Amino acid sequence: MERIVGRTRLVLVEGDITRQEVDAIVNAANASLLGGGGVDGAIHRAGGPQILDECRAIVARQGRCPAGQAVVTGGGRLKARHVIHAVGPVWDGGSRGEDDLLRSAYINCLRLALSVAASSVAFPSISTGAYGFPIERAARIAFDAVRELVQEPCRLDEVRFVTFSRGDLLVYARLFEST
Ligand code: AR6
């Protein structure tokens with residue numbers, strides 16, 4: 001499924017983010033930046049040890065990465081040249097600033113993608129796995145943040161949402177259809 005916003009193509013697919021042929025893929029990391037399960041584990045496994053080495057160097061330089069923020073490393077063995085490691089909020093009922101932190105994570109990823117001159121970037125559904133953020137609410141925040149940023153024409157040709165289940169795909173598809 002596709003939508004054009006500004007001069008950017010928004011694309012919805014179901015699949016494995018480690019296999020996407022884009023300039024940058026986003027990782028749903030944690031504040032340690034040292035890897036974990038879910039999409040984080042998959043990216044480090046597929047990309048190899050170079051990504052973890054770079055993450056360690058970043059933490060040594062600037063410390064842990066708080067929720068809402070992101071950092072960028074190379075892509076190691078991945079097809080993507082860059083990995084943007086975003087830390088989403090842990091869901092805690094919804095009244096502890098989770099929405100704003102999730103939105104910041106998406107916006108900061110897009111800014112980092114632009115800063116490394118990526119013209120295509122793929123996102124997983126940040127925070128909706130181990131961190132428990134409800135998928136409908138998260139997808140709406142993700143979609144709105146991306147749409148808002150690319151409304152002003154920018155150098156991003158494509159932003160891809162990569163869902164990992166049919167259920168998540170349908171949630172995003174409803175957003176694409178209603179726009
Ligand atoms: N490609 C695309 N999406 C995936 C893949 C994949 N290969 N694998 C899982 N997903 P999660 P979070 C989906 O738990 O909620 C880690 O341990 C998954 O189905 O990976 O932000 C980190 O180190 C879900 O829809 O990330 C942190 O400690 C989405 O990716 C913590 O989990 C996000 O699920 C972060 O939790």
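The residues in region 116-136 that are at negative phi, touching a helix residue (DSSP H, G or I) at 6+ places or on another chain (Cβ under 7 Å) and assigned to a loop (DSSP other than H, G, I, E, B) can be counted, and the count is 7. For beta carbons closer than 7 Å, sequence separation of 6+ or different chains, a first residue in region 85-109 that is among the charged types (D, E, K, R) and a second that is in a helix (DSSP H, G or I) and away from the ligand (no atom under 11 Å from the Cβ), the qualifying pairs are Asp92/Glu98; Asp99/Ile141; Arg103/Ile141; Arg103/Ala145. Can you say whether Leu78 is under 24 Å from Glu21 (Cβ atoms), aliphatic (A, V, I, L, M) and either surrounded by 14 or more Cβ atoms within 10 Å (Cβ to Cβ) or at pLDDT 95 or above (or both), as far as the supplied structure shows? For Leu78, the condition - under 24 Å from Glu21 (Cβ atoms), aliphatic (A, V, I, L, M) and either surrounded by 14 or more Cβ atoms within 10 Å (Cβ to Cβ) or at pLDDT 95 or above (or both) - is met.
Within region 36-49, can one find any residue that is surrounded by 20 or more Cβ atoms within 10 Å (Cβ to Cβ), within 26 Å of Pro153 (Cα to Cα) and of a type in the set (Val, Ile, Thr)? No. Among the residues of region 53-68 satisfying the criterion of being over 17 Å from Asn108 (Cα atoms) and basic (Lys, Arg), which is surrounded by the most Cβ atoms within 10 Å (Cβ to Cβ)? Residue satisfying both the conditions and the ranking: Arg56.
The values are calculated or read from the model by the stated rules, or taken from the named source; none is laboratory data. Note that this is a predicted model, so its numbers are computed, not measured. Quick reminder, even Gly has a Cβ in these numbers, built from the backbone with ideal geometry, and neighbours come from all protein chains shown.
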